[in-house]
Amino acid sequence: TADIISTVEFNYSGDLLATGDKGGRVVIFQREQENKIRPHSRGEYNVYSTFQSHEPEFDYLKSLEIEEKINKIRWLPQQNAAHFLLSTNDKTIKLWKISERDKRAEGYNLKDEDGRLRDPFRITALRVPILKPMDLMVEASPRRIFANAHTYHINSISVNSDHETYLSADDLRINLWHLEITDRSFNIVDIKPANMEELTEVITAAEFHPHQCNVLVYSSSKGTIRLCDMRSSALCDRHSKFFEEPEDPSSRSFFSEIISSISDVKFSHSGRYMMTRDYLSVKVWDLNMESRPVETHQVHEYLRSKLCSLYENDCIFDKFECCWNGSDSAVMTGSYNNFFRMFDRSTRRDVTLEASRESSKPRASLKPRKVCAGGKRKKDEISVDSLDFNKKILHTAWHPVDNVIAVAATNNLYIFQDKAN
């Protein structure tokens, strides 16, 4: 189970794709450049670098095991030839530098070619070292380690648009870090009650606004989203905006509170909208309207009658993520049975696709799938009762420009792209 993928993230150009897994490893895939001989090879992603980001640890003071599982990866915007990314497990965030070496220096004065130090008496002439080409090596090196700032499990990291700071969020607090400073962070949200018995909600996800470096949002297990403005006060305990959809009393049930918990929140690239994912739906909110979402897309409404068994097998607590396409015109999120859903915002059309070995043959088309909720089943439909709840797509990512998507199905990564591409 160490190779179960726990996060998927494209970098800003989309040429690199990083995945993290339960075993603490990060695998980076690089997109092949188009070449004249094989024009179709564009878009193929091949392994570029693999490294161990986190190791299992043990907290002796609390006698707690700290898993090595990578919870989130976030790329930094590229400033030079090297790439930088942040990766985090439950407690510790690391900044990694990924760089290429294709030359090595030869002709040192003080040591031989095999690296042994030369006897000073044998050095009679001064040599100028020269650079010789060598096979390409991709090196991943940890540049900074940001530790000891979270009492609870880290669920989110988000790089600010100022490219200097980032936030990390756990169940009850959000901290602001400077990328250069590892030994202190600034606590900007703290929802921990004085008496822990009065705890009614936890923070589930947090993200910075894509263009306004003073604005961030965080979602809660109560189905609410708070927008905070760091200019109005340094400690964002009082939100600037509060987004919540009023509950329909007629549909209230034992499970209402659990399924309204938000598992992911993502700003649109434009920064005008944000999307939230709860257990059964994806909602799109206009930042200028707090009272209700402007769009609600049902992900798997047919599960509403199955909540009892989903509660018993713990699936009701699964945390599905969601993502926007590059132009904000479509959104995507995962479901069970290795299904994932795409919603076109303008045409209101939606499609269910399946990530499976059969569908992943090169240049095979994905056939839309349909689930039958009850009554007579048509021949190409799948009955709700035959869905496999162990196969779930929690993590998806959309290329920032092209119609290329990455879908993590347990321990397999699927990359699909538009035929036109």
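The values are calculated or read from the model by the stated rules, or taken from the named source; none is laboratory data. Predicted model only: the values in this text are computed from it and were never measured. Positions of Cβ are generated from backbone atoms using ideal geometry, with glycine treated the same way; all protein chains shown enter the neighbour counts. Surface accessibility is based on the protein's heavy atoms, side chains included, excluding ligands, DNA and RNA. Shrake-Rupley method; radii C 1.70, N 1.55, O 1.52, S 1.80 Å.
A few comments on the model shown:
- Rounded accessible area of residue 315 (nearest 10 Å², 1.4 Å probe): 10
- Solvent-accessible surface (1.4 angstrom probe) belonging to residue 122, in square angstrom, nearest 10: 130
- By the Kirkwood approach, averaging reciprocal distances over each pair of separate Cα atoms, the range 154-305 gets a hydrodynamic radius of 16.2 Å.
- Full-stretch length increase - residue 79, residue 46 - with 0.36 nm per residue and alpha-carbon distance subtracted: 9.6 nm
- A Förster distance of 41 Å, applied to the separation of the beta-carbon atoms of residue 164 and residue 63, puts the FRET efficiency at 0.65.
- Once the chymotrypsin sites (Phe, Trp or Tyr not before Pro) in DSSP loops with at most 12 neighbouring Cβ atoms within 10 Å are cut out of the chain, the longest remaining piece is 61-253.
- With Cα atoms defining each centre, the range 49-122 and the range 329-390 are spaced 40 Å apart in the structure.
- With all protein chains modelled, accessible area of residue 239 [1.4 Å, Å²]: 80
- The range 235-264: GluC sites (Glu not before Pro) in DSSP coil with no more than 13 other Cβ atoms inside 10 Å: 247
- Pair residue 55, residue 380: separation of 7 Å Cα→Cβ label points (nm): 5.3
- Diffusion coefficient, µm² s⁻¹, Stokes-Einstein with Kirkwood Rh over alpha-carbon pairs of the range 165-213 at 10 °C and 1.306 mPa s: 131
- With the simple model of a label 7 Å out from the Cα in the direction of the Cβ, residue 110 to residue 272 spans 6.2 nm.
- Isolated Cys residues of the chain, judged by Cβ distance under 4.7 Å to other cysteines: 213, 308, 315, 322, 323, 372
- In terms of its Cα atoms, the range 318-383 spans 38, 31, 28 Å along the principal axes, sorted from long to short.
- Point-to-point label distance, residue 180-residue 317, nm (Cα→Cβ direction, 7 Å offset): 4.3
- log₁₀ of I(q)/I(0) at q = 0.14 Å⁻¹ - the chain, Debye sum with one point per alpha carbon: -1.39
- Within the range 106-183, GluC sites (Glu not before Pro) in DSSP loop having at most 15 other beta-carbon neighbours inside 10 Å: 113, 164, 180
- Put simply, the C-alpha atoms of the range 235-392 give a gyration tensor, and the ellipsoid matching it has half-axes of 28, 21, 14 Å, longest first.
- Annotation: the range 256-297 has a Kirkwood hydrodynamic radius of 10.5 angstrom, from the mean reciprocal C-alpha pair distance.
- The portion of the accessible surface of the chain made up by carbon and sulfur, rounded to a whole percent, is 49 (1.4 Å probe; DNA, RNA and ligands excluded).
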